[in-house]
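Asker: Here it is, the structure, as structure tokens.
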Amino acid sequence: MTRDSHKRFFLGVMIGAVLLLLSPGMSYASEAQRFVNGHWYDGSAFIQRDFFVVDGVFRESWEEDATIVDLGEGWVVPGFGNAHTHGIGNGEYPAESQRFIANGVFYVANPNSIASTSTPARETALVTETVDARFANGGLTCSGGHPIQIFEDTPKADQMAGDAYFIIDDSRMLEDQWAEILSKRPDFLKIYLERSEHHSARKDDPAFYGKRGLDPQLVPNIVERAHASGLRVSAHITSRYDFHSNPSKKQMRVSLHRMGRGS
């Protein structure tokens, strides 16, 4: 596929998604609608055909009257998902949600959110017309670990511990804070591993402030607790050791959301 055809293809996808979003079907009107002149993705290819929407549900056929919605040869795909964004749940959920929807993104996950703002956002997300969102709330890290340094310049920096992150240096701290972590009602759990092969050497070194994470020996306990509470675990990682050679790897199942750049 040429560069120009790539451009036309993705422009067509966006046109199709936006046209669908702007249609009255988003409000689940009782009237039936017939979408014509669209190329619909069926899981393997784009098929040109008509579809009907009745009471907010797609139908392949409908014998009664229906309002025509012309997609203008647009390309229609399922809603996109963004599994790692911090652009949602920051106190302006309706506006944040609309920015994603306008770009065809219907599903998002914030892997480190501020619980005090993501909690009300989670309630708003239950409304049909907003993007579906999942929030991890504050991630688990060590003293001086990533992402503490990010929140130090915020207006409520002194309130971020226990809200935007949890400091877990040993098993006792995990035990003491576990009930509070669960009380924030996270949709999944976020842990931070930052070149954990060097954790012992870096954990008290000021030069690595904001560039370290959990003691890898704590990870099996965290994951076991999370799974017992019905929570998946997402891990921030910055080295091959974090991904492949972590001593806890064989004892846990962690859903890794990304491989970051090493420090």
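Asker: I'd like the full set of residues that are in a loop (DSSP other than H, G, I, E, B), surrounded by 15 or more Cβ atoms within 10 Å (Cβ to Cβ) and under 16 Å from the mean Cα position of the chain (by Cα), limited to segment 66-105.
Answerer: Listed by number, the residues that qualify are GLY79, THR85, ILE88, GLY89, ASN90, GLY104.
Asker: So in segment 57-85, with the set limited to residues that are in contact (Cβ under 8 Å) with a residue 60 or more places away in the chain and in contact with a helix residue (DSSP H, G or I) (Cβ under 8 Å, 6 or more places away or on another chain), which one is farthest from PHE135 (Cα to Cα)?
Answerer: Filtering segment 57-85 for residues that are in contact (Cβ under 8 Å) with a residue 60 or more places away in the chain and in contact with a helix residue (DSSP H, G or I) (Cβ under 8 Å, 6 or more places away or on another chain), the one farthest from PHE135 (Cα to Cα) comes out as GLU73.
Asker: Which residues, counting only those in segment 132-179, are more than 21 Å from SER196 (Cβ to Cβ) and buried (at least 20 other Cβ atoms within 10 Å of the Cβ)?
Answerer: Across segment 132-179, the qualifying residues are ALA133, ARG134, PHE135, ASN137, ALA164.
Asker: Let me confirm something: among VAL108, VAL36, which residue is in a strand (DSSP E or B), under 30 Å from ASP163 (Cα atoms) and of a type in the set (A, V, I, L, M, F, W, C)?
Answerer: When all the criteria are applied, what remains is VAL108.
Asker: Scan segment 50-57 and give yes if some residue there is loosely packed, with under 13 Cβ neighbours inside 10 Å, of a type in the set (A, V, I, L, M, F, W, C) and at pLDDT 85 or above, otherwise no.
Answerer: Yes, segment 50-57 contains at least one residue that is loosely packed, with under 13 Cβ neighbours inside 10 Å, of a type in the set (A, V, I, L, M, F, W, C) and at pLDDT 85 or above.
Asker: Which pairs have Cβ atoms under 7 Å, sit 6 or more apart or on different chains, and link a residue in segment 169-181 that is hydroxyl-bearing (Ser, Thr, Tyr) to one that is open to solvent by 70 Å² or more (accessible area, probe 1.4 Å)?
Answerer: Here the result reads none, with nothing in segment 169-181 linked to a residue that is open to solvent by 70 Å² or more (accessible area, probe 1.4 Å).
Asker: Could you please give the count of residues in segment 113-128 that are open to solvent by less than 10 Å² (accessible area, probe 1.4 Å) and either farther than 25 Å from HIS236 by Cα or not aliphatic (A, V, I, L, M) (or both)?
Answerer: So the answer is 2.
Asker: Testing GLY138 on (1) in contact (Cβ under 8 Å) with a residue 60 or more places away in the chain; (2) under 22 Å from the mean Cα position of the chain (by Cα), one condition comes back false. Which one is that?
Answerer: Evaluating GLY138 over (1) in contact (Cβ under 8 Å) with a residue 60 or more places away in the chain; (2) under 22 Å from the mean Cα position of the chain (by Cα) leaves (1) as the failure.
Asker: Continuing with the same structure: Can you find even one residue in segment 190-199 that is open to solvent by 70 Å² or more (accessible area, probe 1.4 Å) and polar (S, T, N, Q)?
Answerer: No.
The values are calculated or read from the model by the stated rules, or taken from the named source; none is laboratory data. Everything numeric in this text was worked out from a predicted model, so none of it was measured. So basically every Cβ, Gly included, is an ideal-geometry build from the backbone, and we count neighbours across all protein chains shown. When the accessible area is computed, the model is the full protein with side chains, heavy atoms only, and any ligands, DNA or RNA have been set aside. Shrake-Rupley method; radii C 1.70, N 1.55, O 1.52, S 1.80 Å.
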